[in-house]
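*Asks:* The structure follows.
The values are calculated or read from the model by the stated rules, or taken from the named source; none is laboratory data. Being a predicted model, the structure only gives us computed values, none of them experimental. Backbone-built Cβ (ideal geometry, glycine too); neighbour counts: all protein chains shown.
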């Protein structure tokens, strides 16, 4: 095999969901979750994937995200694979955790019946200043560090940091697999890992890589994501320029938001986004988005 040969990337949303969103890959999915969340092997008894299919028009959406929701032994686990950097990613993650958590409360149910909800964010950009690739958040009392509730659990795994702060944990082999971009990356991981499910995942990834139709979809999807990165980058640069003119840190933050909203509004005008998509990206209501951007 050619070590330098490019492969379809597992970090790409449509490929990630082919591997970790298919119920027939339950052995791979179970091992992946147990290692990523540092659970004992065999801890997970049952996994039910609640949103297996990608929407039919997802390949054509410039602004989209992978959202893989699972019910695991009574807990809710939501996995997000995010390739492009977003300035409001922390707030958006908290918003989605709250949305998922609250949606589990049925009419007449007691609050105590709400399930533990775990959000796993695998991101292909540096979000925190710390060198650690894994950040784990819970709700703790500020001084005593007493846990308020175990039902909020949010994890971030930063792929670009994995080689700089390795601690020889099983989760690192999975993240290395997600990071792989060449056949040589797969070959090196095959040699070094002791995790049998990763070997199975590599076999599956090679099978997908041999699918010519899927390769065309990957090419098309990567182009769309490149368009997304360009649009968001332009929005951030425009926002920073506006903010710097205000001369204050508060003004800078306001400027970034204004620039971001302005860029989203332009994409709506060009027919690239619907106003509903744009409002969702801005984490505001449609009416508030229209008011702030003067869209009719």
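*Asks:* Does residue 63 fit the bill of being at pLDDT 85 or above, assigned by TED's automatic domain parsing to the domain that holds residue 194 and under 20 Å from the mean Cα position of the chain (by Cα)?
*Replies:* It is false that residue 63 is at pLDDT 85 or above, assigned by TED's automatic domain parsing to the domain that holds residue 194 and under 20 Å from the mean Cα position of the chain (by Cα).
*Asks:* Using the structure shown, decide if residue 156 is in contact with a strand residue (DSSP E or B) (Cβ under 7 Å, 6 or more places away or on another chain), at pLDDT 95 or above, crowded, with 17+ Cβ neighbours inside 10 Å and not in a loop (DSSP other than H, G, I, E, B).
*Replies:* For residue 156, the condition - in contact with a strand residue (DSSP E or B) (Cβ under 7 Å, 6 or more places away or on another chain), at pLDDT 95 or above, crowded, with 17+ Cβ neighbours inside 10 Å and not in a loop (DSSP other than H, G, I, E, B) - is met.
*Asks:* Next up: Checking residue 259 against (1) in contact with a helix residue (DSSP H, G or I) (Cβ under 6 Å, 6 or more places away or on another chain); (2) part of a helix (DSSP H, G or I); (3) at pLDDT below 85; (4) within 27 Å of residue 15 (Cβ to Cβ), only one condition comes out false. Which one?
*Replies:* Going through (1) in contact with a helix residue (DSSP H, G or I) (Cβ under 6 Å, 6 or more places away or on another chain); (2) part of a helix (DSSP H, G or I); (3) at pLDDT below 85; (4) within 27 Å of residue 15 (Cβ to Cβ) one by one, residue 259 breaks only (4).
*Asks:* Exactly one of these conditions fails for residue 165: (1) surrounded by 17 or more Cβ atoms within 10 Å (Cβ to Cβ); (2) at pLDDT below 95. Give me its number.
*Replies:* It fails just one condition, (1).
*Asks:* Only one of these conditions is not met by residue 52: (1) out of contact with any helix residue (DSSP H, G or I) (no Cβ under 6 Å at 6 or more places or on another chain); (2) within 18 Å of residue 204 (Cβ to Cβ); (3) modelled with pLDDT of 85 or more. Which number is it?
*Replies:* Here residue 52 meets the rest and fails (3).
*Asks:* Then there's this: Restricting segment 1-33 to residues that are over 20 Å from residue 179 (Cβ atoms) and more than 18 Å from the chain's Cα centre (by Cα), which is surrounded by the fewest Cβ atoms within 10 Å (Cβ to Cβ)?
*Replies:* Ranking the candidates gives 24 first.
*Asks:* Sort out which residues of segment 262-275 are within 22 Å of residue 90 (Cα to Cα) and either in a loop (DSSP other than H, G, I, E, B) or over 23 Å from the mean Cα position of the chain (by Cα) (or both), and write them in order of number.
*Replies:* Once the filter is applied, which keeps residues that are within 22 Å of residue 90 (Cα to Cα) and either in a loop (DSSP other than H, G, I, E, B) or over 23 Å from the mean Cα position of the chain (by Cα) (or both), segment 262-275 yields only 262.
*Asks:* Output the residues belonging to segment 276-296 that are over 16 Å from residue 95 (Cα atoms), touching a helix residue (DSSP H, G or I) at 6+ places or on another chain (Cβ under 9 Å), without any contact (Cβ under 8 Å) to a residue 12 or more places away in the chain and in a helix (DSSP H, G or I).
*Replies:* 276, 286, 287, 288 - these are the residues of segment 276-296 that are over 16 Å from residue 95 (Cα atoms), touching a helix residue (DSSP H, G or I) at 6+ places or on another chain (Cβ under 9 Å), without any contact (Cβ under 8 Å) to a residue 12 or more places away in the chain and in a helix (DSSP H, G or I).
*Asks:* Separate question: Can you spot a residue in segment 127-135 that is in a strand (DSSP E or B) and more than 15 Å from the chain's Cα centre (by Cα)?
*Replies:* No, the conditions are met nowhere in segment 127-135.
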